[in-house]
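Read through the structure below, which is laid out as structure tokens, and then see the notes.
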Amino acid sequence: MKELSKDSKFSISVETLVILGGVIVTVVGMWFTLQSEISEAKKLPPSEVSRTEYDLKDELIRSSILNIEEKVDANGVKLDKIEERLYNMQ
């Protein structure tokens, strides 16, 4: 590891400075854009879930659970048949 002293030379190319400047400008631009979007979002009214939307989501979840329950029951029947066949093979 080199130590910096009076006699050490430290050089940066113009290309490196341009890239570094571009990165800094990009990050600062993104920061201000994000801040403006946050302040705009704070002004918007809060989104409300309507009763219809809630009912539809609830119905979807319940039907999914029932569908999964039917599949589990069907797999249980198949498993019983497989166990019976294995028992008969022995």
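The values are calculated or read from the model by the stated rules, or taken from the named source; none is laboratory data. A quick note: this is a predicted structure, and the numbers were derived from the prediction, not measured.
Taking the range 29-78 only, how many residues are under 25 Å from the mean Cα position of the chain (by Cα) and of a type in the set (A, V, I, L, M)?
10
What are the residues in the range 1-47 that are aromatic (Phe, Trp, Tyr) and at pLDDT 95 or above, if any?
Answer for the range 1-47, where residues must be aromatic (Phe, Trp, Tyr) and at pLDDT 95 or above: 31, 32.
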